[in-house]
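Notes follow once the structure below has been shown.
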């Protein structure tokens with residue numbers, strides 16, 4: 001999956017419009033976009049939307065961002081949405097693999113009560129939203145078979161750090177948030193799951209947004225989150241491998257296939273080793 005579009009759970013109009021955005025996944029939000037006194041209504045809206053949409057033959061992946069385990073609101077969120085069978089929950093302010101284990105146990109109970117197969121609802125943690133989480137980014141490996149990816153966030157982290165800003169005047173992340181980004185990328189690789197890049201909040205800045213998408217692809221992220229439907233086409237374009245990249249990856253794979261015992265192959269005067277083969281294979285996997 002390339003594009004993950006946030007949609008407030010309490011707006012049926014926005015939810016329905018998001019279905020035609022082209023996003024690979026929708027994140028139905030019960031957390032930051034919903035005021036405390038609107039949580040109950042948003043839960044009902046999310047559940048109703050899931051029930052009316054999940055049976056569609058062509059639909060995006062549907063995840064629900066619940067409130068974090070620290071808030072005391074997670075149980076009520078899961079009571080409302082788990083019976084409606086979302087594909088996944090997004091777990092904000094996750095602090096390492098222990099948080100995933102905790103959330104997985106809660107999901108297992110709701111699945112059993114709702115007659116759902118064990119493990120059917122997956123988990124996508126936001127791995128860097130607290131200072132403590134930074135020190136635990138490498139602990140997601142083997143936490144749960146429900147883990148499908150890792151993503152990261154800078155807004156809550158900057159508030160916790162007491163920072164005045166998390167980006168410079170050119171819109172690039174400052175050092176503490178570049179560290180968080182790198183830890184998410186490494187944590188995802190250690191857990192053998194995709195890394196999803198964070199949001200770009202200035203949705204009118206198409207140039208800056210495209211640059212950040214291109215940087216994310218270069219560094220190894222497989223997708224990016226969006227806060228506005230206008231960002232989705234750019235994400236899908238940038239994170240879809242182009243024909244030249246696919247042809248080059250296939251050439252590397254073919255060269256090793258012809259020389260199965262080789263540690264290094266030459267193509268056009270350039271030497272490629274086994275790590276290049278692994279990267280080429282991952283690129284072709286993204287095509288499908």
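The values are calculated or read from the model by the stated rules, or taken from the named source; none is laboratory data. Just so it is clear, the model here is predicted, and its values are computed rather than measured. So basically every Cβ, Gly included, is an ideal-geometry build from the backbone, and we count neighbours across all protein chains shown.
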When segment 195-223 is checked residue by residue, the ones that are within 27 Å of residue 98 (Cβ to Cβ), crowded, with 20+ Cβ neighbours inside 10 Å and in contact with a helix residue (DSSP H, G or I) (Cβ under 6 Å, 6 or more places away or on another chain) are 195, 197
Those residues of segment 137-160 that are at pLDDT 95 or above and more than 18 Å from the chain's Cα centre (by Cα) come to a total of 1
Here the qualifying pairs (Cβ atoms under 7 Å; residues six or more apart or on different chains; first in segment 204-222 and under 12 Å from residue 171 (Cα atoms); second assigned to a loop (DSSP other than H, G, I, E, B) and at pLDDT 95 or above) come out as 208/200; 209/200; 212/200
Taking segment 68-77 and keeping only residues that are surrounded by fewer than 22 Cβ atoms within 10 Å (Cβ to Cβ) and closer than 16 Å to residue 40 by Cβ, one is left with 71, 72, 73, 74, 75, 76
Note on residue 181: of the conditions (1) under 19 Å from the mean Cα position of the chain (by Cα); (2) part of a loop (DSSP other than H, G, I, E, B), unmet is (2)
Taking segment 239-254 and the residues there that are in a helix (DSSP H, G or I) and in contact with a strand residue (DSSP E or B) (Cβ under 8 Å, 6 or more places away or on another chain), the one that is surrounded by the most Cβ atoms within 10 Å (Cβ to Cβ) would be 252
Scanning segment 140-156 for residues that are part of a loop (DSSP other than H, G, I, E, B) and over 15 Å from residue 123 (Cα atoms) gives 153, 154
